[in-house]
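The values are calculated or read from the model by the stated rules, or taken from the named source; none is laboratory data. Predicted model only: the values in this text are computed from it and were never measured. Using ideal geometry, Cβ is built from the backbone for each residue, glycine included, and neighbour counts are taken over all protein chains shown.
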Amino acid sequence: MASYRLAGDECELVLLEAFERRRGTGTALLEAVALAAQEAGCRRLWLVTSNTNLDALRLYQRRGMHLVRVWPGAMDRFRELKPEIPLVGDYDIPLRDELELEMLLDGTIAGGEPAAAVQLQE
Ligand SMILES: CC(C)(COP(=O)(O)OP(=O)(O)OC[C@H]1O[C@@H](n2cnc3c(N)ncnc32)[C@H](O)[C@@H]1OP(=O)(O)O)[C@@H](O)C(=O)NCCC(=O)NCCS
């Protein structure tokens with residue numbers, strides 16, 4: 001399941017969840033959202049994830065996304081408002097920070113390298 005939000009020339013990937021992991025679902029959904037965003041005229045696809053989500057960070061970076069922002073301690077501050085946010089995330093890593101990743105949809109990614117990993121249709 002994937003959900004995304006279009007706002008001007010940007011698309012936020014809000015949710016990406018593969019109910020069966022490591023079978024290509026996450027990649028297929030990411031490609032579908034990137035294509036939908038490109039067809040809607042978006043210039044940028046972006047998302048926020050946490051410092052513990054190594055599976056997602058692996059997927060996103062290997063599929064052409066770049067890390068563009070880090071908010072150190074963001075999860076700690078959210079936890080003050082929502083104490084149910086766990087202290088520890090995946091792989092027993094302390095859940096502390098938020099990370100923003102992006103993919104530019106004009107054929108380039110941050111730093112000017114070609115976005116070869118996600119093949120977008122014309
Ligand atoms: C992050 C997430 C969406 C990835 O989904 P996924 O369906 O497992 O992703 P994929 O199968 O496309 O790719 C994952 C890896 O499995 C590999 N893989 C795909 N099919 C495979 C298969 N049949 N056998 C073995 N490995 C396989 C892929 O090659 C990829 O590895 P690579 O990066 O080395 O190429 C999934 O882990 C998830 O739902 N996590 C929980 C929710 C979450 O954190 N979402 C992100 C929020 S920001």
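Within region 61-69, identify whether any single residue is surrounded by 14 or more Cβ atoms within 10 Å (Cβ to Cβ) and touching a residue at least 60 places away in the same chain (Cβ under 8 Å), and answer yes or no.
No, because not a single residue in region 61-69 is surrounded by 14 or more Cβ atoms within 10 Å (Cβ to Cβ) and touching a residue at least 60 places away in the same chain (Cβ under 8 Å).
Please give the number of the condition CYS42 fails out of (1) crowded, with 20+ Cβ neighbours inside 10 Å; (2) within 13 Å of the ligand (Cβ to nearest atom).
(2)
Would you point out the residue of region 21-39, among those that are more than 13 Å from the ligand (Cβ to nearest atom) and surrounded by fewer than 17 Cβ atoms within 10 Å (Cβ to Cβ), that is farthest from HIS66 (Cα to Cα)?
Ranking the qualifying residues of region 21-39, first place goes to GLU39.
Taking region 67-85 only, how many residues are among the aliphatic types (A, V, I, L, M), assigned to a helix (DSSP H, G or I) and over 23 Å from TYR4 (Cβ atoms)?
Number of matching residues: 1.
Checking SER3 against (1) within 13 Å of the ligand (Cβ to nearest atom); (2) crowded, with 18+ Cβ neighbours inside 10 Å: exactly one of these is not met. Which one?
Among (1) within 13 Å of the ligand (Cβ to nearest atom); (2) crowded, with 18+ Cβ neighbours inside 10 Å, SER3 violates only (2).
Restricting attention to region 49-66, and to residues there that are more than 11 Å from GLU98 (Cα to Cα), more than 7 Å from the ligand (Cβ to nearest atom) and not in a loop (DSSP other than H, G, I, E, B), which single residue is farthest from the chain's Cα centre (by Cα)?
Only one residue tops the list, namely LEU54.
Let me confirm something: among GLU100, GLU84, GLU80, GLU10, which residue is within 14 Å of the ligand (Cβ to nearest atom) and modelled with pLDDT of 95 or more?
GLU100
Only residues that are touching a residue at least 24 places away in the same chain (Cβ under 8 Å) and either buried (at least 16 other Cβ atoms within 10 Å of the Cβ) or in contact with a helix residue (DSSP H, G or I) (Cβ under 9 Å, 6 or more places away or on another chain) (or both): list them for region 80-93, please.
Matches in region 80-93: GLY89, ASP90, TYR91, ILE93.
In the list ALA110, ALA18, ALA74, ALA117, which residue meets the criterion of being within 15 Å of the ligand (Cβ to nearest atom), at pLDDT below 95 and either surrounded by 13 or more Cβ atoms within 10 Å (Cβ to Cβ) or hydroxyl-bearing (Ser, Thr, Tyr) (or both)?
After applying the criteria, what remains is ALA117.
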